[in-house]
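Reading through the C-alpha cells given below for one structure.
The values are calculated or read from the model by the stated rules, or taken from the named source; none is laboratory data. Predicted model, so just to flag it, every value in this text is computed and none were measured. As a convention, Cβ positions derive from the backbone with ideal geometry for all residues, glycine included, and neighbour counts pool all protein chains shown.
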Amino acid sequence: MFSCGKEVLLIIGVAQCLASSLAHSDNTNSCAGLQVQLQALENRLTMLEDHEHQEDHDHHAALFAASYSAGDSINTIGDHFMFDQVTLNREEGYNSTTGIFTCPIEGVYFFVYSSFPEKGIETSVTLMKNNVEVSSIDSVLPEGSTQFSEGSDLILLAKGDQVWVQLKTGAVLRQGTSLKFYGYRVSD
C-alpha cells in the first residue's frame, strides 16, 4: 500500500461511520450521496494501490551479473556454464549452482555472454532459452590464436522461463573474469 495508506483507511473508516449515522437519520438524500462518494474514494484507492504495485516492479527490475573465476578450461559439450562469481542478483533470478537464470518478472530482457576459445580450437558458445538455442558465438581462428568475443540478445520472457549459456563445440578458457553472463529486464 502506498505511503499514506493508513491515513486513507482512517478517512474511509470515518466516512463509513458518518454514512452509518446518516443512514439512521431522516436525511436519505445526503446518505445516498455520501455512499456514492465513499465508493468512488474506495475505487480510486484500489487503482492507486495497483499502480504503485506495478511501479515497484518497474523500479526493481530483475538484473544479474556473473562471471567465472580463474580455473581449468571448459570443454564438456552441452554443460551449462555455472558462473561462480555473482556480483549482482536483484530478484534472485540467477542460480550460480545451476548456471540458470529463471525469469522472476515477465518482460523483454537483454542478455550478454562471452567466449574465450582455447588457442586454435573451433568453438561455439550458445545462449539457450528453455532448451532452444537463441544465439551463439562461433569462433574459427588460425592455429595458435584466440580472441575474446561477446554476444548479446533481446528475449521476451514469461515468468519461469529459463536462460543459460552452454558450450556447443570446442573449449573455452577461464582466465580471470574472461567469461561473463549478465542480463536485465528492459521493458514489459
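Is it the case that residue 156 is over 16 Å from residue 82 (Cα atoms), modelled with pLDDT of 95 or more and outside any loop (DSSP other than H, G, I, E, B)?
yes
Residue 173 fails exactly one of the following numbered conditions: (1) of a type outside the set (D, E, K, R); (2) modelled with pLDDT of 95 or more; (3) within 21 Å of residue 76 (Cβ to Cβ); (4) not in a loop (DSSP other than H, G, I, E, B). What is the number of that condition?
(2)
Can you pull out the residues in the range 137-188 that are closer than 19 Å to residue 65 by Cα, of a type in the set (Ser, Thr, Tyr) and crowded, with 19+ Cβ neighbours inside 10 Å?
182
For the range 102-118, which residues satisfy the criterion of being in a loop (DSSP other than H, G, I, E, B) and within 21 Å of residue 69 (Cβ to Cβ)?
Hits for the range 102-118 are 116, 118.
Scan the range 58-78 and tell me whether some residue there is within 20 Å of residue 188 (Cβ to Cβ), touching a Cys at 6+ places or on another chain (Cβ under 9 Å) and either at pLDDT 95 or above or among the acidic types (Asp, Glu) (or both).
Just the residues of the range 58-78 that are within 20 Å of residue 188 (Cβ to Cβ), to begin with: 58-64.
Those still in the list that are touching a Cys at 6+ places or on another chain (Cβ under 9 Å) too: 62.
Okay, now just the ones that are also either at pLDDT 95 or above or among the acidic types (Asp, Glu) (or both), so none.
Taking every residue of the range 58-78 in turn, none turns out to be within 20 Å of residue 188 (Cβ to Cβ), touching a Cys at 6+ places or on another chain (Cβ under 9 Å) and either at pLDDT 95 or above or among the acidic types (Asp, Glu) (or both).
From the list 100, 77, which residue is among the aliphatic types (A, V, I, L, M), crowded, with 16+ Cβ neighbours inside 10 Å and in the same structural domain as residue 137 (by TED's automatic domain parsing)?
Working: 77 fails: crowded, with 16+ Cβ neighbours inside 10 Å.
Only one candidate passes the filter, namely 100.
Output the residue which, of all residues in the range 65-88 that are among the acidic types (Asp, Glu) and assigned to a loop (DSSP other than H, G, I, E, B), is farthest from residue 167 (Cα to Cα). Let's see the steps before the verdict.
Taking the range 65-88 as the starting set, the residues that turn out to be among the acidic types (Asp, Glu) are 72, 79, 84.
If we keep only those that are assigned to a loop (DSSP other than H, G, I, E, B) as well, we get 79, 84.
Details: 79: 6, 84: 16 Å.
Among them, the one singled out is 84.
Select, from 64, 110, the only residue that is surrounded by fewer than 20 Cβ atoms within 10 Å (Cβ to Cβ), closer than 14 Å to residue 182 by Cβ and within 13 Å of the chain's Cα centre (by Cα).
Matching residue, one of 64, 110: 110.
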